[in-house]
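Visitor: The structure's right below; bear with me while I get my questions together.
The values are calculated or read from the model by the stated rules, or taken from the named source; none is laboratory data. Fair warning: this is a prediction, and the values are worked out from it, not measured in the lab. Please note: Cβ atoms are built from the backbone with ideal geometry, for glycine as well, and neighbour counts cover all protein chains shown. Remember, those area values only see protein heavy atoms, side chains included, never the ligands or the DNA or RNA. Shrake-Rupley method; radii C 1.70, N 1.55, O 1.52, S 1.80 Å.
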Amino acid sequence: ADEPQPLWPHVTASAPDAWIWAGDNVYGDTVRGFDVRTGSIMAQAATPAGLRALYDRQRREPGYAALARSNATILGTWDDHDFGLNDGDRTYAHRKESQKQLLDFLGEPPLSARRRRSGVYTAARIAPPRAAAARGAQGVLVLLLDVRYHKDPYPSALPSAGDMLGEAQWRWLDAQLARSKARVTIIVGGLQVLPGRGIGEGWARFPEARARLLRMLHDRGARGVVLLSGDVHFAELNLARCDLGGDIASPGPAAGPGPGPGPGPAGDTTQVVELTSSGLTHAWGHRPLPGLLHGPVSDWLYSFLFHAAMATMPWRYQARGDGAGRGRGHGPGYYVRRNFGRVDVRWDDPGDPLVTLAVVGEHGDDVIQRSWRASELDLRPPPATGPGAVPNGTARRTLACRPHRGGAEAPSLMALGVGALVFLALLSYTLLVIAAVTAVLLAGVRHAASRVMLPPKAREAAAAHASAAVGSPARAKGIGFKNGARCGQC
């Protein structure tokens, strides 16, 4: 709320039917340092009054106020910083108060069921254009998940068997999927689902909960599924391929019988796509966290470090090189400057609309973009036939979702080690270059200052002394001049 927000004109220019806050909508907690032992940020928790003040400032931000006055429906969920605490979970003392502040900001009606619920999860339906509806189009279902209110604390050993949603939210999600007739299903959450980086936050830290989510989406035959997330302070497009074969049940309880399989991709696989957009004010190419040094040099250094990490680690879910767009970050499949995401549904075919996912960069152009027919994003249950079946037909075969580029979900220890060494080498080289450039600039400034401060006769004497030394063995060895006097360490 306190940072420049230059992207709102680009948002309003796109005339969206809905705007979705995907979390970290304001930064209520305060960064105090970094814990080297746990690899996490140390922060002071937010207060309800502090959150209310931040939301008030965000509501008054001119660009956002213009969007709120438009015809766009405002939707939203939260992540940790607007929940109130970095990496926050169900143990946070002020979660009820934080929920009230978020719902007030979103304009949730006083008698809304969401205000009586423990957690901010909810569903919204976006109708298709009238012409498409007249031809049978079923519209879009948006499911906003709450990955904070009921989330288990992270244990010291990772990954673990913890949960993200809590049983009440799991039952709600299953019921929403079971009765949905929407042609496109958008699942929104603050944390990434697909990437298995093994660092930072994400569903990969609770593998059983992640498998349960993907299994539920398949068992319920969710149609045109798109995952949306934030949190990571850069934008990327991730893609998984899910194998419907095998005989062993996946972790987590089955969702139960659901609608039959949709058209889906041919063969025994489905694909799951996830668009991550983060963020409007903080990104790796522009002050990754509040309170950090900001400027051209520091922003370049943050960008360089991030590019080095991306180049040295095999992030196999990332759809690198796919899509079409312009601007830095398009080629490798990620974008490090401030950004927002866009989902376009084109109802040229009411039964199979075109779904386009895009990341819009600082200059308003699409830096990442890719399109699918909704049928290509349909999910379906694994067949209950074959060696794993039982007479009553209740068996479920394995659902194994893997990176679309193949290979392991997360880097091996060897890959992490090699990547870390390369990263440190590049960092050291960068710091040396910065130090050398800084030394040259400071030497120039000092020399200019000395010429200004010396009287005319002294400047003439210093110039004559310097001229006599040019080309001498002492000069060739790097001996310079400071204030007109020769020295060996200037």
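Visitor: Measure off, as a whole percent, the carbon and sulfur share of the 1.4 Å-probe accessible area of the range 143-203, all protein chains present. Kindly include the intermediate steps, with their values, before the conclusion.
Guide: Numbers: 1120 of 1960 Å².
Of the solvent-accessible surface of the range 143-203, carbon and sulfur hold 57 percent.
Visitor: Taking amide H positions as placed 1.01 Å from N in the peptide plane, with prolines and chain starts having none, which residues 5 or more places from Val26, or on another chain, fall under 5 Å of its amide H?
Guide: Under 5 Å from the amide H of Val26: Asp82.
Visitor: Read phi for every residue in the range 54-62 and hand back ³J(HN,Hα) as whole Hz from Karplus 6.51 cos²θ - 1.76 cosθ + 1.60, θ = phi - 60°, with x for Gly and Pro.
Guide: Per-residue couplings from phi come out as 5, 5, 4, 5, 5, 4, 8, 4, x Hz.
Visitor: Residues in the range 46-66 near a label at Ala93, defined as backbone nitrogen under 12 Å from the 7 Å Cα→Cβ point?
Guide: From the range 46-66, the list is 46-48.
Visitor: Please list 3J(HN,Hα) in residue order for the range 202-214, calculated via the Karplus relation 6.51 cos²θ - 1.76 cosθ + 1.60 where θ = phi - 60°; whole Hz, with x for glycine and proline.
Guide: In residue order, the calculated couplings are x, 4, 5, 6, 10, x, 5, 5, 5, 5, 5, 4, 5 Hz.
Visitor: How are the alpha carbon pair distances in the range 100-255 distributed across 10 Å bins from zero to the largest one, expressed in percent?
Guide: It works out to 9, 35, 37, 16, 3, 0, in whole percents.
Visitor: Right, next: If I model a spin label at Arg32 and Arg125 as a point 7 Å from the Cα along the Cα→Cβ vector, what separation in nanometres do I get?
Guide: Spacing of the two 7 Å Cα→Cβ label points: 4.7 nm.
Visitor: Mind ordering 348-354, 78-84, 210-216 by average Cβ neighbours within 10 Å, highest first? Display every interim value, and only then the final one.
Guide: Values: 348-354: 15.6, 78-84: 28.4, 210-216: 21.9.
Ranking the peptides 348-354, 78-84, 210-216 by packing returns 78-84, 210-216, 348-354.
Visitor: Continuing with this model, one more query. Using the basic label-point model (7 angstrom from Cα toward the beta carbon), what is the Ser70 to Glu3 distance in nanometres?
Guide: Reported label-point gap for Ser70 and Glu3 is 2.2 nm.
Visitor: Measure off 7 Å from each Cα along the Cα-to-Cβ vector at Thr438 and Ala18, then give the distance between these two points in nanometres to one decimal.
Guide: Going from the Thr438 label point to the Ala18 one covers 4.8 nm.
Visitor: Given H placed on each backbone N at 1.01 Å, which residues far from Asp378 in sequence or on other chains put an amide H within less than 5 Å of it?
Guide: Result for Asp378 returns Gly224, Val225, Gly264.
Visitor: Looking at the range 110-142, which trypsin sites (Lys or Arg not before Pro) are DSSP coil and have at most 14 other C-beta atoms within 10 Å of their C-beta?
Guide: On the way: sites: Arg114, Arg115, Arg116, Arg117, Arg125, Arg130, Arg135; in loops: Arg117, Arg135.
Those that pass, being in a loop and sparsely packed, are Arg135.
Visitor: Sort 185-196, 97-108 by the packing proxy (mean of other Cβ within 10 Å over each peptide's residues), most packed first.
Guide: On the way: 185-196: 24.8, 97-108: 19.5.
Going by the mean number of other Cβ atoms within 10 Å, highest first, we get 185-196, 97-108.
Visitor: Expressed as a whole percentage, what fraction of the accessible surface of the range 1-110 belongs to carbon and sulfur atoms when a 1.4 Å probe is rolled over the protein heavy atoms? Write down the numbers at each step before the final one.
Guide: Values: 2810 of 5370 Å².
The computed percentage sits at 52.
Visitor: Tell me which of Tyr149, Ala127, Gly166 sits at the most positive position along the dipole axis of the range 111-173, charges placed on C-beta atoms (Lys, Arg +1; Asp, Glu -1).
Guide: Ala127
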